[in-house]
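*Asks:* Once you've had a glance at the structure underneath, I'll fire off some questions.
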Amino acid sequence: MTDGMIADGAGANSGAAGSRAKRSDEPTPQEQAVPACDPAFQHGVVVGFDGSLSSERALAYAVGMARRSRCGLVIVHVANRLPATVWAGCEPPVFVDMPDHRTELLGLELACADYLAGVPWILVERGGDICHEIEEVGREYAADAIVVGSTHGLLGKLFGSVSGRLARRANRPVIVIP
């Protein structure tokens with residue numbers, strides 16, 4: 001009776017080991033980490049756009065740059081995900097992401113823009129730190145350059161401008177449009 005139990009145990013272990021074996025159609029962790037992007041926009045121009053006056057100037061410059069270089073334009077909008085504070089008794093606040101519907105409006109605005117005619121472009125929405133996300137999109141698309149508008153005002157002076165942080169951090173040329 002002991003032999004049967006050992007045989008069953010061995011069979012169970014070998015079956016478990018077999019189920020842990022990686023199938024060839026499963027993506028590796030490296031493949032899962034790299035998001036797919038349209039190859040038509042590889043080595044294009046990435047531009048940060050939020051609808052502000054400085055980002056509109058940056059977009060105009062990036063459109064001209066993409067047109068002259070005959071490459072694609074990757075327009076990045078980093079969604080404003082301000083956390084909503086929820087209090088539950090004496091517990092610390094819980095932060096809940098609130099979606100930013102501005103991306104949809106910006107997409108419609110860009111789709112109707114005459115100055116984008118003749119330039120292939122896509123709008124990429126991200127959430128998080130603006131500097132990090134624009135840099136990450138530039139890396140994913142192997143961008144030849146990143147174009148951003150300069151940050152004005154008190155917040156830029158206190159916390160450092162996105163354009164300044166990006167120019168110091170990025171591994172590709174960053175063009176700051178005043």
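Readers should treat all values here as calculations from the given coordinates under stated rules, not as data from a laboratory. Given the structure is predicted, the values throughout are model-derived calculations rather than measurements. Glycine gets a Cβ as well: all are built from the backbone with ideal geometry, and neighbour counts include every protein chain shown.
*Asks:* Give me, ordered by chain and number, the residues 5 or more places off residue 126 or on other chains with an amide H under 5 Å from its own placed amide H.
*Replies:* Correct list: 77, 78, 79.
*Asks:* Please compute the modelled spin-label separation between residue 112 and residue 60, points set 7 Å along Cα→Cβ, answer in nm with one decimal.
*Replies:* Result: 1.9 nm between the two label points.
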